[in-house]
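Below is one structure; the comments refer to it alone.
The values are calculated or read from the model by the stated rules, or taken from the named source; none is laboratory data. In this text, all values refer to a predicted model and were calculated from it rather than measured experimentally. Here the Cβ positions follow ideal geometry from the backbone for every residue, glycine too, while neighbour counts run over all protein chains shown.
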Amino acid sequence: MPQNTYDVTIVGGGHNGLVAAAYLAKAGKSVLILEANSEIGGATTSVRAFAEYDAMLSRYSYLVSLLPDQIISDLGLNFQCLSRKISSYTPYSRDGRDLGLYVARQWDQETADSFNQIDPTGAEWQAWQSFYNELAVFAEKIAPTMLMPLQSRSELKAMINMPEVWDYLMERPIGEVIQSRFKNDIVRGVILTDALVGTFASAFEMQANICFLYHLIGNGTGEWKVPYGGMGALVKELERVAIAAGVTIKVNSRVTSVTTTDSKATALLEDGTEISAQYILSNAAPQTLAKLRGTTPPQSLEGAQMKINILLKALPKLKSGIEPRLAFAGTFHANESFSTFEAVFADAKIGKLADKLPIEMYCHTLTDPSILSSELQDAGYQTLTLFGFHTPAALFEADNEDTKARALKAALASLNELLVEPIETVMAAVEVKSPLDIEAEIGLPKGNIFHKDLSFPFREDAQRPGWGVETDDPRIFICGAGAIRGGGVSGIPGHNAAMAVLAAFQID
Ligand SMILES: Cc1cc2nc3c(=O)[nH]c(=O)nc-3n(C[C@H](O)[C@H](O)[C@H](O)COP(=O)(O)OP(=O)(O)OC[C@H]3O[C@@H](n4cnc5c(N)ncnc54)[C@H](O)[C@@H]3O)c2cc1C
């Protein structure tokens, strides 16, 4: 007879469900993960996207910053992230000349020269340095709180003790500080991108601030690193550790309802099987959990990004003349000035797809070629991971395939403007994922990459203390991206839900 009773059942086998399961099993609890798909990993998988090429692409998420080193060491994960020397490159043209803003991770002469080309007075690079120096101190202070019970707004503000930075990050639209401290539209746009990843907002909406904050606090540095072996390597390691600790994982097991009594929580599977446990953790989005419980789903923005995975026969040459291995190693921004972002957002809001999308991309294989077979490596193949902005799910609803084709064209148009030869001349294969595809394939509501809108990493002063993973039912917790401090590849809500449940077991 299969076992149908556990201490904890987890709905969904994304990376956060695996993190929660591993912590709980290591603490001696019996844990079952129920995953709807035939594979675990959710948005953190690597796949052979093109049957004819032996290349394992990070199909959805592709860079890591938010995963605390503490989780890696607590769980004993053999998972490594690699630094990139270049932070970003942003080509632009001025007076008929093709130029580029080059930003190394560690400030260097090339970076200084590149800023001086944009603004010979030096004001723009000085503004850049002082802004990011302030943010670095702020990030260092806030990062360790992510794996602690939620602090209140006042407690966190007092602990950080940087009132001016707090004000422009937490209280006023991020667009205001960017406009007041920087003059150049391209520099402003490079800064703004971090506020708009997966977030369909104007620079002057507070949701952009929250996204910005999460993009700079990871591990206290905000550095975005390349997952060695691709994003799927993280899932493999989490699976190994979870199983070694005694976790049971069942795939092809979609949960269709969740109910509770005073003493237990029950998950019902599609085939009618009932699993009971003392607690249920939802790695599925809060909107999905609400459906499973028959309650009202929380409001959220829809997803607004295009993910385009490309296999290249060679890197393309740039009109600006920069060595392509430098240009594509960090984040490559195209058509991403501040004013373009605002204009494209306004159009997308009224249902118009831009002719040229704001896009950013990077080449994983320049830092980590191991995701390609040795034959592809020897033949000079590379990958390009492209993320397109301000393409909300609603744009795709009338005809997903047709809109994807148009959006791909609009994304490549932005890139081709900057290249000597069109990207198509070196492209071996391409796949496009719209927000609707992401919902259909891995269940992210309307393709929202954070499950639902990100929240600031504190509770309001009047709210009850907790870990940010609690629901209105004491038997149900959220262990996925939709928790407070969830969102992104972080394991944070998985860790925090495990801690909350272990505390609940002690009271039981
Ligand atoms: C295109 C894209 C690019 C991204 N890029 C990055 C990036 O570079 N860096 C970064 O940090 N973040 C990125 N993100 C965000 C990040 O990947 C996610 O926020 C994070 O992976 C969510 O992890 P999770 O474990 O909470 O949930 P998920 O990965 O969404 O896993 C949830 C799991 O629950 C399962 N499930 C849902 N409903 C049920 C049910 N009823 N029964 C059983 N199982 C169910 C799903 O099948 C899924 O496997 C990206 C996301 C996307 C989509």
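Which one of Gly100, Gly122, Gly41, Gly76 is within 16 Å of the ligand (Cβ to nearest atom) and farther than 19 Å from Leu216 by Cβ? Talk me through it step by step, then tell me what you get.
Numbers: Gly100 fails: within 16 Å of the ligand (Cβ to nearest atom); Gly122 fails: within 16 Å of the ligand (Cβ to nearest atom); Gly76 fails: within 16 Å of the ligand (Cβ to nearest atom).
Result: Gly41 is the single residue among Gly100, Gly122, Gly41, Gly76 that is within 16 Å of the ligand (Cβ to nearest atom) and farther than 19 Å from Leu216 by Cβ.
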Number of the condition not met by Leu412 [criteria: (1) crowded, with 21+ Cβ neighbours inside 10 Å; (2) in contact (Cβ under 8 Å) with a residue 40 or more places away in the chain]: (2)
Region 44-68, subset touching a residue at least 12 places away in the same chain (Cβ under 8 Å) and more than 15 Å from the ligand (Cβ to nearest atom), residue nearest to Ser282 (Cα to Cα): Met56
When only residues in region 297-327 that are without any contact (Cβ under 8 Å) to a residue 60 or more places away in the chain and not in a loop (DSSP other than H, G, I, E, B) count, which is surrounded by the most Cβ atoms within 10 Å (Cβ to Cβ)? Pro324
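Against the condition surrounded by fewer than 17 Cβ atoms within 10 Å (Cβ to Cβ), assigned to a helix (DSSP H, G or I) and over 23 Å from the mean Cα position of the chain (by Cα), how does Ser114 come out, does it pass?
No.
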All but one of (1) at pLDDT 95 or above; (2) of a type outside the set (Ser, Thr, Tyr); (3) surrounded by 18 or more Cβ atoms within 10 Å (Cβ to Cβ) hold for Ala244, so report the exception by its number. (3)
Where in region 355-457 are there strands (runs of 3 or more DSSP E), lying fully within it, with 3 or more residues that are within 22 Å of Tyr214 (Cα to Cα)? 359-362, 382-388
Over region 377-396, the set of residues away from the ligand (no atom under 16 Å from the Cβ), closer than 12 Å to Leu57 by Cβ and either of a type in the set (A, V, I, L, M) or surrounded by fewer than 24 Cβ atoms within 10 Å (Cβ to Cβ) (or both) is Tyr381
For Thr288, are the conditions met, namely being assigned to a strand (DSSP E or B), within 29 Å of Ile507 (Cα to Cα), hydroxyl-bearing (Ser, Thr, Tyr) and within 16 Å of the ligand (Cβ to nearest atom)? no
Checking Ala405 against (1) surrounded by fewer than 20 Cβ atoms within 10 Å (Cβ to Cβ); (2) in contact with a Gly (Cβ under 9 Å, 6 or more places away or on another chain), which single condition isn't satisfied? (2)
Going through Thr273, Thr296 one at a time, which residue ends up being hydroxyl-bearing (Ser, Thr, Tyr), over 13 Å from Ile10 (Cα atoms) and under 29 Å from the mean Cα position of the chain (by Cα)? Thr296
Residues of region 330-352 being within 19 Å of Gly189 (Cα to Cα), outside any helix (DSSP H, G or I) and of a type in the set (Gly, Ala, Ser), which ones? Gly330, Ala334, Ser337
Reported set for region 471-508 where residues are touching a residue at least 12 places away in the same chain (Cβ under 8 Å), of a type in the set (S, T, N, Q) and either surrounded by fewer than 21 Cβ atoms within 10 Å (Cβ to Cβ) or under 17 Å from Cys211 (Cα atoms) (or both) is Thr471, Ser490
Residues in region 453-486 that are within 11 Å of the ligand (Cβ to nearest atom) and within 21 Å of Glu171 (Cα to Cα): how many? 2
Selected residue [closer than 25 Å to His390 by Cα and crowded, with 20+ Cβ neighbours inside 10 Å] from Glu342, Glu336: Glu336
Identify the residue in region 415-434 that is within 26 Å of the chain's Cα centre (by Cα) and among the small types (Gly, Ala, Ser) and, among all such residues, is surrounded by the fewest Cβ atoms within 10 Å (Cβ to Cβ). Ala429
Checking the condition touching a Cys at 6+ places or on another chain (Cβ under 8 Å) and acidic (Asp, Glu), which residue from Asp194, Asp185 passes? Asp194
